[in-house]
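The values are calculated or read from the model by the stated rules, or taken from the named source; none is laboratory data. Computed from a predicted structure; not experimentally measured. Cβ: placed from backbone, ideal geometry, glycine included. Neighbour counts: every protein chain shown. Note: areas computed on protein heavy atoms with side chains; ligands, DNA, RNA excluded. Shrake-Rupley method; radii C 1.70, N 1.55, O 1.52, S 1.80 Å.
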Amino acid sequence: SNDRTVRLWNIQQAGCVGQMELPNPTTEGSPRVVFDSTGMVFAVMAEMAGKQGNYIHLYDARNFQGGAFSEMQVSSKSIQEAIATHRVTPPPGGDVTFNKIAFNMSGNRILVQSDKGLAFVLDGYEGTVQRVFQSSKGRGTVSCFTPDDQSVLMGSDSGIVDCWNIQSGAVVKQLEGHVGPVGAIACSPKYQQIASSCNNTCLWIW
């Protein structure tokens, strides 16, 4: 939350069952948190002080009080190098801030969305940048993994949803139908369906 804490809740119990605070002065801003598909591991992402990059710490949900079992650093330098390597147009302003984090179904990759419209696929164990995706039309707004772990979906402010193959880095499909910027996108883990929304909501059969 904005008070720089991470709180754990059990929906079957009243009240917060756990709380962690971001360390000072090594971090800035508010944390971003997500569980993996098993519900046994969660990640906490926080911006390094001085805009030097981002920390990503992994915790066992059953023993998070014992501290992170994995600590990764995604430096600003590595982000800029990845942008150059993958031949992505550098965003204006230079600095990239991560504002969303998600695991793939297998837990071996992490997807982070940035404030500059770029999505980064990271190695889930080391935090190294494997891919950088940029919307084919307009500025990327939201992104997610597909349940088969093969692709990344990215919505944009143009209303287009791109489907990127992670292995090849190529766009394999584009979904059209939105009348405005795509504000949310998600995949069903059980059925081969994609839901995305702007002013209207679209349901796609994969």
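For the reader, a short list of remarks on this structure follows.
- Residue selected from region 50-93 under the condition at positive phi and open to solvent by less than 80 Å² (accessible area, probe 1.4 Å), by the criterion nearest to the chain's Cα centre (by Cα): Gly53
- Taken over region 110-137, residues that are open to solvent by 50 Å² or more (accessible area, probe 1.4 Å), more than 23 Å from Ser70 (Cβ to Cβ) and in a loop (DSSP other than H, G, I, E, B) amount to 4.
- The lone exception for Ala195 - which of (1) within 26 Å of Ser70 (Cα to Cα); (2) at pLDDT below 90 it fails: (1)
- Test for Lys77: is it of a type outside the set (A, V, I, L, M, F, W, C), touching a residue at least 12 places away in the same chain (Cβ under 8 Å) and in a loop (DSSP other than H, G, I, E, B): no
- With respect to the stated conditions, Lys100 fails to be in a helix (DSSP H, G or I), open to solvent by 20 Å² or more (accessible area, probe 1.4 Å) and charged (D, E, K, R).
- Strands (runs of 3 or more DSSP E) fully within region 138-189 counting 2 or more residues that are open to solvent by less than 60 Å² (accessible area, probe 1.4 Å) and under 21 Å from His86 (Cβ atoms): 140-145, 151-156, 161-165
- The lone criterion from (1) open to solvent by 40 Å² or more (accessible area, probe 1.4 Å); (2) out of contact with any Leu (no Cβ under 6 Å at 6 or more places or on another chain) left unmet by Val17 is number (2).
- A search for C-beta distances below 7 Å between a residue of region 138-163 that is free of Cβ contacts under 8 Å to residues at least 40 places away in the same chain and under 18 Å from Gln192 (Cβ atoms) and any residue that is of a type in the set (Lys, Arg) and open to solvent by 10 Å² or more (accessible area, probe 1.4 Å), counting only pairs 6+ apart in sequence or on different chains, returns Cys163/Lys173.
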